[in-house]
Amino acid sequence: MGLRIRTDARGLAAVVLYNFCVAPGHQGRGIGSALLGAALGEAGARGAARVFTATTGGGLLFLRYGFAFGGEGGAPPAWWASLDPARGSRVLVRPLG
């Protein structure tokens, strides 16, 4: 998992959460929740207004933590442009504060 500060389409500080995964054999043990909780805390500490991520899956963990699908128009432009449309990635966003 990594966090990177970016400027979103509105010119505000945003964090992009990337490479977020828990190995299949370790899922369902609270590891993803702990990681995501720590990531959201760090994003807030870095002064981000929103957190963006992308998934090719259902995104259920993100949805439980207040993320919503959409936000492509507000996402950091360089990050959004780097997503491979052939992979079927969907953007999720969560406001902070």
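Under 5 Å from the amide H of Ala54 lie the amide H atoms of Leu92, each residue being 5 or more positions distant or on a separate chain, with H modelled from the backbone and absent for Pro and chain starts. Tell me the relative contact order for the chain as a rounded percent, counting alpha carbon contacts under 8 Å between residues six or more apart. Here the relative contact order equals 32 percent. The average projected area of the chain, computed from the convex hull of its Cα atoms over all directions, is 5.9 nm². Remark: the range 78-84, residue by residue, has Karplus-estimated 3J(HN,Hα) of 5, 5, 4, 5, 7, 6, 7 Hz, where x stands for each Gly or Pro and the curve is 6.51 cos²θ - 1.76 cosθ + 1.60 at θ = phi - 60°. The trypsin sites (Lys or Arg not before Pro) of the range 1-83 that meet both conditions, a loop assignment by DSSP and at most 12 other Cβ atoms within 10 Å of the site Cβ, are Arg10, Arg29. For Leu61, the shell of other residues with beta-carbons less than 13 Å away shows a net charge of +3, using +1 for Lys and Arg and -1 for Asp and Glu. Close amide H contacts of Leu83 (hydrogens built in the peptide plane, cut-off under 5 Å, sequence separation of 5 or more or a different chain): none are found. Working note: Cα atoms of the range 1-52, range along each principal axis, descending, whole Å: 40, 17, 12. With the alpha-carbon atoms of the range 22-71 aligned to their principal axes, the span from lowest to highest coordinate is 34, 23, 15 Å, starting with the largest. Near Ala75, once Lys and Arg are set to +1 and Asp and Glu to -1 for all other residues with Cβ below 10 Å from its Cβ, the sum equals 0.
Karplus-based coupling profile of the range 32-40, in residue order and whole Hz: x, 4, 5, 4, 5, x, 5, 5, 5, with θ = phi - 60° in 6.51 cos²θ - 1.76 cosθ + 1.60 and x standing for Gly or Pro. Which FRET efficiency value, to the nearest 0.05, is calculated for Met1 and Glu72 with the Förster distance at 25 angstrom and r the Cβ-Cβ distance? Plugging the Cβ-Cβ distance into 1/(1 + (r/R0)^6) gives 0.70.
Every number in this text was worked out from the coordinates using simple rules, so none of it is lab data. On a predicted model such as this, the values are computed, not experimentally measured, just so you know. Using ideal geometry, Cβ is built from the backbone for each residue, glycine included, and neighbour counts are taken over all protein chains shown.
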